[in-house]
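K.L.:
Please see the structure below; I have some questions.
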Amino acid sequence: MTETILDVKNKIRAVTDFPKPGIIFRDITTALKDAETLKVMIDYLCEQFKDVKIDYIAGIESRGFIFGMPMAYKMDAGFVPIRKPNKLPAETYSQEYELEYGTDKIEVHKDAFPQGANVLIVDDLLATGGTAEAACKLVKKTGANLVGIAFLIELEDLKGREKLNSENCRIVSMLKY
């Protein structure tokens, strides 16, 4: 690996006052467009779970798809999308979660995972933990085993990890701000 975690962190653009004043948005598009950096990010996240049997990667819409698909390929696992409401064509489980102002919902197909399958959830960002917590609940509703949650970025001040610690699984983030 020629790049370090610091090199990857330096490729992520900080956009101030987006999407609203006072927010620093961590823009991963500047890292994604660099082939070597993309490889380092995918390899790092896969490496953290090399000792765990993973049957499926569940990517949270939409940036969880960016990392989840190549991770599934590299780890010889299936890929399952966790989507926003009304995007999946068959019967779904849905789970609401809290936003700063109101609620939102995500869904997964009821037949997404066989009973007892080992599932790793992947997303780009851990902020307050609401979306990831909802994804964990969805995986459990299917009867699958949640074995881990992987993020590219964790915003530590928002304490999302605290919300997920009760899941009793490995929680990994490559970059912390």
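K.L.:
Suppose every Lys and Arg Cβ carries +1 and every Asp and Glu Cβ carries -1, with no other charges. What dipole size does the range 20-75 come out with about its Cα centre, to the nearest 20 debye?
P.N.:
I would put it at about 140 debye.
K.L.:
So if R0 is 41 Å, what FRET efficiency would SER94 and THR16 give, r being the distance between their Cβ atoms, rounded to the nearest 0.05?
P.N.:
Efficiency, rounded to the nearest 0.05: 0.70.
K.L.:
Per DSSP helix of 4 or more residues, -39500 (n - 2.57); summed, then divided by the residues of the chain. What does that give at 222 nm, rounded to the nearest 500?
P.N.:
-8000 deg cm²/dmol
K.L.:
Output ³J(HN,Hα) for the range 137-142: one whole-Hz value per residue in order, computed from phi by the Karplus curve 6.51 cos²θ - 1.76 cosθ + 1.60 with θ = phi - 60°, and x for Gly and Pro.
P.N.:
Values, residue by residue: 5, 5, 4, 5, 4, 7 Hz.
K.L.:
Could you give the dipole magnitude of the chain about its Cα centre, charging the beta-carbon of Lys and Arg +1 and that of Asp and Glu -1, in debye to the nearest 20?
P.N.:
In debye, rounded to 20, the chain gives about 160.
K.L.:
What are the ³J(HN,Hα) couplings of the range 57-74, residue after residue, when phi is run through the Karplus curve with 6.51, -1.76, 1.60 and θ = phi - 60°? Round to Hz, x for glycine and proline.
P.N.:
Working through the residues one at a time gives 9, 10, x, 8, 4, 10, 6, x, 5, 4, 8, x, 4, x, 5, 4, 4, 5 Hz.
K.L.:
Over the chain, with a Gaussian network built from C-alpha contacts below 10 Å, which listed residue (GLU100, GLU133, GLU36) shows the highest mean-square fluctuation?
P.N.:
Highest fluctuation of the listed residues: GLU100.
K.L.:
Quick one: what are the phi-derived ³J(HN,Hα) couplings along the range 117-133, Karplus 6.51/-1.76/1.60 with θ = phi - 60°, whole Hz, x for glycine and proline?
P.N.:
Values, residue by residue: 5, 8, 10, 10, 8, 10, 8, 7, 9, 10, 10, 7, x, x, 5, 5, 4 Hz.
K.L.:
Under 13 Å between alpha carbons: how many lysine pairs meet that in the range 100-177, if sequence neighbours fewer than 8 apart on the same chain are excluded?
P.N.:
The result is 6.
K.L.:
Run the numbers for TYR73 and ASN165: contour at 0.36 nm per residue of separation, minus the present Cα-Cα distance, in nm.
P.N.:
Value of the extension gain: 30.4 nm.
K.L.:
Could you point to the residue in ILE23, PRO89, GLY68 farthest towards the positive end of the chain's charge dipole, with +1 and -1 charges on the Cβ of Lys/Arg and Asp/Glu respectively?
P.N.:
Result: PRO89.
K.L.:
GNM on the chain, C-alpha springs below 10 Å: top fluctuator among GLN48, GLN115, GLN95?
P.N.:
GLN115
K.L.:
Once the mean 1/r over all distinct Cα pairs of the range 52-176 is inverted, what Kirkwood radius in angstroms do you read off?
P.N.:
14.2
Coordinate-derived values only; no laboratory data. Owing to the predicted nature of the structure, the values given are computational and were not obtained by experimental measurement. Positions of Cβ are backbone-derived with ideal geometry, glycine not excepted, and every protein chain shown enters the neighbour counts.
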